[in-house]
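Just so it is clear, none of the values below were taken in a lab; they were calculated from the coordinates. Fair warning: this is a prediction, and the values are worked out from it, not measured in the lab. Please note: Cβ atoms are built from the backbone with ideal geometry, for glycine as well, and neighbour counts cover all protein chains shown.
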Amino acid sequence: MTASRVLKTAILSAALILGGAPLGALAKPAPDSFAGLASRLSPAVVNISTSQKIDRPDAGEVPQFPPGSPYEEMFKDYYEQQQASQVTSLGSGFVIDPSGIIVTNNHVIEGADEIAVNFPDGRSLMAELVGKDEKTDLAVLRVKADKPLPAVAFGNSDAMQVGDWVMAIGNPFGLGGTVTAGIVSARNRDIASGPYDDFIQTDAAINRGNSGGPLFDMDGNVIGVNSAIISPSGGSIGIGFAIPSSIVKRTVDQLVQFGETRRGWIGVRIQSVTEELAEGLGLDHPHGALVAETTPGGPAEAAGLKPQDVILKFDGHEVRDSRALPRVVAETEIGKAVPIEVWRDRASVTLTITPGRLEDFERSETAAATPPAEPEAPPPEAGAVRVDALGMTVAEMSDALRERFKIAAGVQGVVITEISPDTPAGAAAAENRIRTGDVIVEVAQQEVATPQAVADKVNEAVSAQNKVVLLLLNRGGDLSFAAIRLGE
């Protein structure tokens, strides 16, 4: 066998071991150079500088001089300058339309009185704010130029895979246009910055000042907006995050068209499905979003959704976990009736729901906000009951307990007053699934109004040899489910 034949045989064997696919189909080769992309794309990436005036009342009062004194005007000008100082910040952005539409981060321009866009060719143009969105940390600016501007296009972030090459261009530390390259390190990252977190993680160097700049694929399309880093020092350690273009494009389109976002809303408060909850609800594995509470008069209530339903699919989209649902709902057309599949009473049920508009609900909530009502007279305090199977003590609601645990007026149920360590309740408390002061509303899907009712329902679960017991809790006005494993 010739050397060439041996090499071909080795390559074929490797391809079969890796699943039968040719090596070239598994990964794109590293580019020889990023120079061509950098040269073509850099003209569309801009530096953004902002200034904000801050009043300084601590600068003192202008000294009083006789009218007409030469010191009068001099000291007046000096103190006015001291009382109104400016704070300046720098960031990045990129042009998406030759007419002058620019995308950046909201935190780059937040609170700015003036926004200047600085181009690589030396031009500086004042910008107006078209719209911004705090939930995704995006903003759209507009500048007026005497000729069409270099622009870039959005790509498909959903097609990016871990290991794909990417390139970032931005304005780190105010140095000016800087190019860095790396790979997609991870996808679908949640960094707790907002309700729609779905970040692309990259090891392409991203530093302060890169915020708002583009992350490109190897075709030169924007697949992300660089927005955050993890760093103890403030410099790049190879952990940067970009908002995926699948989110950016939709948000930007709405900001350009309406000056604000228009997101779907169904009116539910949800929580994650843990292994214990999945077992208690009869699911084969933890997935979906558990409905803890529905908004009175909201689309979910109108569709027949109930607390303890687990949303598995929404408008045909799989709901992998509780993080996925807000994004899917937000992207759904407002007023369009869509199917929703839920897990209820250990079976799948399909309902029809019509999303409303999130922003309308938020505005109505703000307008309707009123001081809390005067509390009604609570029922007299009754004796506490020890629930041995769980390892906790519960008591009937009373004035003293409301005061002790800051329980709002109108909240009814049975109060957890003591949790013993090394018990099922103690294990749940260690994971913050329950704590003293929580109000038990339901046990095993049945409402409870007295401490003895709680003990009876738990004992029934023990007698039935159930492995977990499901509690519906009210904590600070929010409802949530907690599954406590029995016998631990």
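Structure notes:
- Taking Cβ atoms as reference points and 10 Å as the exclusive limit, the residues near Val443 contribute a net charge of -3, counting Lys and Arg as +1 and Asp and Glu as -1.
- Positive-end extreme of charge dipole, the range 262-355 - chosen from Thr354, Gly280, Ala303 (charges on Cβ): Thr354
- Distance between the 7 Å Cα→Cβ label points at Asn432 and Ser272: 1.1 nm.
- Taking Lys and Arg as +1 and Asp and Glu as -1, the other residues whose beta-carbon sits under 14 Å from that of Ile102 total +2.
- Charging the Cβ of each Asp and Glu at -1 and of each Lys and Arg at +1, and nothing else, the dipole of the range 264-365 about its Cα centre rounds to 160 debye.
- Computed from the Cβ-Cβ distance with R0 of 35 Å, the FRET efficiency linking Phe258 to Asp164 stands at 0.60.
- Amide H partners (placed H, <5 Å) of Val268, local residues excluded: Thr295
- Phi-based couplings in Hz for the range 183-200 (Karplus 6.51, -1.76, 1.60; Gly and Pro marked x): 10, 6, 8, 6, 10, 6, 7, 10, 10, 6, 9, x, x, 10, 4, 7, 6, 8
- Estimated vicinal HN-Hα couplings, Hz - the range 353-367 in sequence order (Karplus 6.51, -1.76, 1.60; Gly, Pro = x): 10, 10, x, x, 9, 4, 5, 5, 5, 4, 5, 5, 5, 5, 5
- Around the amide H of Ile223, modelled in the peptide plane, lie the amide H atoms of Gly155, Leu215, Phe216, Asp217, all under 5 Å away and 5 or more residues distant in sequence or on another chain.
- Hz values of 3J(HN,Hα) by residue in the range 280-287 - Karplus curve (6.51, -1.76, 1.60), Gly and Pro given as x: x, 8, x, 7, 6, 7, x, 6
- Over 23 Å apart at the Cα level, from the set Lys53/Lys249; Lys132/Lys249; Lys132/Lys313; Lys135/Lys306; Lys306/Lys406, are Lys53/Lys249; Lys132/Lys313; Lys135/Lys306; Lys306/Lys406.
- Extension gain from Ala302 to Asn156, taking 0.36 nm per residue of separation minus the Cα-Cα distance: 49.0 nm
- In plain terms, the chain from Ala400 to Arg187 could stretch by 71.8 nm, reckoned as 0.36 nm per residue minus the Cα-Cα distance.
- Options Val411, Ala444, Ser480, ranked by Cα towards positive dipole end of the range 403-488, top entry (Cβ charges): Ser480
- Put a dot 7 Å past the Cα of Asp345, heading toward its Cβ, do the same for Gln445, and the two dots end up 0.7 nm apart.
- Of the trypsin sites (Lys or Arg not before Pro) in the range 400-488, those whose Cβ has at most 12 other Cβ within 10 Å and which sit in DSSP loop: Lys406
- Cα-centred dipole magnitude for the range 385-485, charges only on beta-carbon of K, R (+1) and D, E (-1), debye, nearest 20: 220 debye
- For the peptides 420-432, 270-282, the ranking by mean Cβ contacts within 10 Å, running from highest to lowest, is 270-282, 420-432.
- Rough spin-label spacing in nm, given labels placed 7 Å along Cα→Cβ, for Glu460 and Thr88: 7.1 nm
- Put simply, the amide H of Thr332, placed in the peptide plane, has neighbours under 5 Å in Gly264, leaving out anything fewer than 5 places away on its chain.
- Cα gyration tensor shape for the range 280-366, rounded if a/c is under 1.5, else prolate or oblate: prolate
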